[in-house]
Structure formats: C-alpha cells, structure tokens
Amino acid sequence: MPDHASVGWIDIIVILAYLSVTAYLGWLGYRGTRSAADFLVGGRSAHPVIMAVSYGATFISTAAIVGFGGVAGLFGMSLLWLTFLNIGVGILIAFIVLGEPTRRLGHHLGAHTFPELLGQRYQSRGIQIFAGVLIFLFMPLYAAAVMTGGSVFAATQFGIDFEVALLIFALITAAYVIPGGIKAVMYTDTFQGFVMVLAMIFLLVFTYSSLGGVTEAHQYLTDMEAMVPAPLAQIGHQGWTEMPAFGWGAPTYDLWWIVVTAIILGVGIGVLAQPQLAVRFMTVRSRRELDRAVPIGAIFIMLMTGTPFLVGSLSNAWFAQNGPILNGKVIQELDAEKNQALVELMQQTDSGAWTAIINPKTQAPATAALIVSERQEAEEASGTRFELVGGRSSAVTYVKGDADTIIPTFISTALPHWFGAIFFLALLAAAMSTMSSQFHTIGTAAGRDLYERIGTKGQPREPSLLVMRLAIVVGLLIAVTISYTVRQEYIVARFTAIFFGLCAAAFLPAYIGGLFSRRVTKAGALASMTVGLVVSLFWLLLVKAKEASAIGLVQLVTGGKTSLLADYPNWPSVDPIVVALPAALLTLILVSAFTRPPAAEHLDRCFPETR
Amino acid sequence: MLGLDDPFVLTAYLGIIALAVLSILYGLIRRNAARDEVTDEDRQWALEEKKVDDEF
C-alpha cells in the first residue's frame, strides 16, 4: 500500500482551526444556554436542527462509520437495509410514536434516567436496579466498540500502532468525560454534526465521481461478483451488490442470517431501547419540536450511515481500479471476458526469482481474485518458467479480510490527506458525542439508579457525585481493556450489535408496554426483562458460534464444539434478538395477564391525559 | 436499474431515499400541527435535570 500516513503542516492547520471553532462555541455555550434542559428551563425552543443533529450525533459514532462501513466493505450493500431501518425505526418510529409518550411520562413521574423511568412507571425499585446493573455492566462493551473504531482509524491515518492510538484515544476520552465535559453543549454538538455531514457528502461525491458516476460505480461492483473471496462465498456471499443467499438448513445460508438478524435487526430495532437515546426525548420541549426534528434527523442519519455503507462496498471497486498492483500465478480463470482470475500471490526475491507469499493464518500460499491487467514470462526460485500476471483486487484483499480497517484504508489511500485529517476530526467528534452520553448513562446508572436506590434499610441515599465519577472511571477502564484485548473479525460492529440486541430484548417490551398499556404489571415487566436478558446471555454464551467460541464456555460444556447447536446448520449464526425479543414479549403479555394490574391512582398519574 | 441487479438491494437503496422524502414531507405537514406549550411540570422537570447536570 502507498504510504500516506504522516502528519503535515496542512493537517496541523486544519486540526487547529477545527479545535479553535469547537472551543469558541463551547465557551459561548458555557456563558449561556448550553444543554437541552437550559432551553426548557428558559421556556425557549431549541432549533429543530440543533435538536435533531445533537440526537443524531449521540446515535452515530465511529462504530457506525468505521465498524459497520467496514462490514459493508466485507458483505456488501445488503447493509443498506440497516440505513433503511435506522431512518424508518430510529427516526420515524422513535420520534413520531415513542418520543412524545416518553417525554410526557418522564415529566409526569419526574424520571431523569431510563432505569428511573421504568422503575417509576412500574413502581419497582427492583426494576430500576435491574436496568441500572445491566447498563453499568454492558454499556462499556458499546463504548469499547466506539473506541476501537476511532483507534483503528487513527492508527491507519497517522501510521501509528493500534495500541498507541488506543492509549491516546482513551486519554482524550478521559479528559473529555471525567472533569465535566459530558455536559451536552448543544452548539458544539451541532457544529461537529455539520462537519460530519460535510465530510460524508464529500466522501460520497468523491467515491461516485472517481468511479465514473452512480450507475457506473454500482455496475462495476456488480460485475465483480466472481471475485468474492472463497470463505465468504461458501457462507452465501453472492457479490457486493447482492443480498446473501437466503435459505435454511445449509452452511451456504449462514451469511444471510448473520447480516439480517445480527447486523440489520439487532441494531435496527435495538435503537428503540437505547437508554441514552430514550432520555433525550425527555429534554424536548414539546411534540412540535419532535415533529420538526424528523426531516433533519432523517437526512442526518441517511448521510451518516448510508454513506459509509455505500463507500465501504464501493471501496472494493475503487481498489480494483486503482489499488496497488499485485503479482502471482493464475490458478483458476474466474471470468475470462472480464480478465478476472484467482491468483496465487507471489513476491520477487532479491535474486529476481518469484516465490509464493505464505498466508500466516493457513500456512498455505496466499490466493486472491485479481482483475488481470498485465502478463509476462518469469522464473520461480526453483528455476521453472511460468506466466506471471499482475492486477488489482478488491479492498477485502488489501486489508487481508480485516473489515474494521476497510474505511480507514480507503480514506488514507484514495482521498487527499487533508481530508483524512478532517474526517478524523469528524470521527473524533462523533465518538466523543456518543461516548459522553454513554459514560453519562453509566455514571447516572451507578449513582442514581444503583447507589441511591440500594440505600440502607430500604431508604434511598443522598446522591453521590463521587460514585458517579468512580463509575465513569471504572467504565472507561473496562472499555479500554476490552478494546485492547479483543481484536477479532469486524469486532466493532459485533460489540455494537450485542449491546443493541441486549437492550432490545431486556428493555423494549417493558418500555413500550409501559408507555402505551395500562394493563402491563410490575411482575410482567420484571419477568420480561429477566427472560430477555437470560435468553440473550444463554444464546451468546452457548449458541451463537462466533461469540460463544470466543468466550470459551461452550467448548467446556460440549467438549470442544463452538455451539450447542453446532450440528444444526444456521442456528449458530442466528442472533439472540430473534429468540430473546419474542420470548420477552410473550412473557410480558402472559405474566401481566395473570397478575394484578397497577393501582388506578398510579395509572392516572402516569397517563393524566387519558384519565 | 442504477447498476443494481438485485431487487432487494435496489429496494433498500430507493427505500432510503423514499423514507428521507417522507420524513421531509412529515416535517413540513406537521410543522405547526402539534401544541407547543411548556407546563409548570415540564419546567420543574428541567430545573431538576439542570441541577443534576450542573452538579455532575
């Protein structure tokens, strides 16, 4: 790969200009109105753009851009369904259906955190503590995804080791979230949001124009279907502009179940039960403000997720046209008309002879599908004459299958270096706005939902800022440790999907039931949350092969298998959400049907409008 | 169409654009449709939120 990794004076000027504007806006914000609550206290309305962009900036992070963009580079444009759900569910349903009831219920009950909302709605200290524990334990996993995404990008862009980038990223995060930077300064969020929007528009336009236009770019990628790496083709990858093969009962359908259940459904639905996003609705002034934020929110999410998913996929076409030339020996013609061939990769030794490149994972000669552009006679180290071919391959080949590095590698290779610096800042901003809300949620879960509620002799304790800050430090250390130790296939997207799926299974039925039904009971909600969590954890520990085999418990239980259902094709690829969410919903309905409904006075307090 | 042969991927691509247009239309139509008033309860809630936030 060409070496673009360095920091020039233009980068430094760009970074300084960006930081100066951010600091100036932060200072302006601190002098006056800064948070959503300030707007509400003052009885004023936050501009819908500010409301929508700061919500979007909390939602979107390096996990979406680097992690899921990289997954799109690996699996293709089927991920566009996630953008579809992000807009349809994450914006339209969340803002139009859930936003106003959440705002009203939170204000009626005086709830300020998501666990508090559930606890007050169901008059249950246990539910509040349960939700607080779940958030405190699992939110660091999501924070680790954001941190890994940012660190991988910084490492690629600036040519430093991942560990060094992670350390720097962790220090910046600590400096931002521990001393009080977690207050949502909405003007700063909005400015950073605009930088992200401009960066995404530039990235999209650049990618399409460098490939000759929208249709030409798609068509070129469509024509590369024969070049899908064999391990992906074996699980159902049919090309970067095709859905994976759909079916049940054979390993060739695994990819469909991975992409659709884990990547698309887990995150697409899980967004509705994200604690840090649900509380945002409470800081909104009125239904009108929510309605007005819908268009901006939709366009923001479309650009922030649609662009990386398209660019991730199209990076395969870009590298096939512009990537460094690879050499080797043809072992199979894939499509003679398009000059596509499977090639055993070779390198030239000092003596001028050619030898095979050995894949360190398989200890066998490395192979890749190339678009062959040159052929010549050459000699192997053994003295045998052969036809040496040269050509370019997909992005997946150049990053050696590491999806998390596809977007960073594309940006550092294809785009001007100054854009890499801006994009890095946009990513840093996206990461910080998401992580500040993640750690704020961890802090309030520990301080408000756990420490205050688990009082002595059942009496609530006074709030403790020390506990909140300690929880943030502990959460940060756990997140950094996870980022440092776990480096596997598309881990950024997987961590995010696990957290979103857990939240959906444990919280979604009780949350939606609490907003819309007077019949749902405390026992029903608690049982539903327990079933959702237990089934999800069971599935992650013992059934879902990728996660279960990484954790290791399943090998002990089954004597070395990667899943309890290893002998039943496709089950080990199915995400927990497919089983856990229906189970939790059914539990909520059944247990509520057989237990006593809440007192009428309490329901009148929750829903005075329908009294 | 658009170089995307798979109808499911094409549907997602065009569906994203359609949802964005729908969202814009929704925002325009509902611009002033809902009530916009801040109650004492809302203000009280915001004061508490601000207190926690400021202490934090």
Original post:
Considering lysine pairs in the protein assembly as shown that are 8 or more places apart or on different chains, how many have Cα atoms under 13 Å apart?
Top reply: 5
Original post:
Can you pull the mean other chain C-beta count within 10 Å for peptide A:80-89?
Top reply: 5
Subject >> Proxy reagent accessibility, fewest Cβ within 10 Å first, across A:K546, A:K522, A:K361 >> reply: A:K361, A:K546, A:K522
**OP:** Let me know the mean shielding of A:329-339 by other chains, meaning the per-residue number of their Cβ atoms within 10 Å of its Cβ.
**Re:** 0
Original post:
Taking R0 as 45 Å, what's the FRET efficiency between A:V486 and A:Y24 from their Cβ-Cβ distance, rounded to 0.05?
Top reply: 0.70
Subject >> Loop GluC sites (Glu not before Pro), chain B, which have at most 13 other Cβ atoms in a 10 Å radius of their Cβ (DSSP) >> reply: B:E37
Subject >> Mean shadow area of the protein assembly as shown, taken as a quarter of the surface of its Cα convex hull (nm²) >> reply: 31.2
Subject >> Other protein chain Cβ atoms within 10 Å, averaged over every residue that makes up B:37-44 >> reply: 5
**OP:** Counting other beta carbons within 10 Å of each Cβ, put A:H112, A:H107 in order, fewest first.
**Re:** A:H107, A:H112
Original post:
Using Cα pairs under 8 angstrom and six or more residues apart, how large is the relative contact order of segment A:324-392, in percent?
Top reply: 33
Original post:
Rounded, prolate or oblate: which one fits chain B, using the alpha carbon gyration tensor with axes a ≥ b ≥ c (rounded when a/c is under 1.5, else prolate when a/b beats b/c, else oblate)?
Top reply: oblate
Subject >> Between 0 and 90°, nearest 10: helix A:162-177 axis offset from chain A longest Cα axis >> reply: 20
Original post:
Order of A:L581, A:L74, A:L542 from fewest to most other C-beta atoms within 10 Å?
Top reply: A:L542, A:L581, A:L74
Original post:
Taking GluC sites (Glu not before Pro) that fall in a DSSP loop and have at most 16 other Cβ atoms within 10 Å as cut points, what is the longest piece of chain A between them?
Top reply: A:1-336
Subject >> Mean ellipticity per residue at 222 nm, deg cm²/dmol - from DSSP H runs of n ≥ 4 across chain A, formula -39500 (n - 2.57) >> reply: -18000 deg cm²/dmol
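Just so you know, all these numbers are worked out from the coordinates, no wet-lab data involved. Treat the numbers as computed from the prediction; the structure is a model and nothing was measured. Note: ideal-geometry Cβ built from the backbone for every residue, glycine included; neighbour counts use all protein chains shown.
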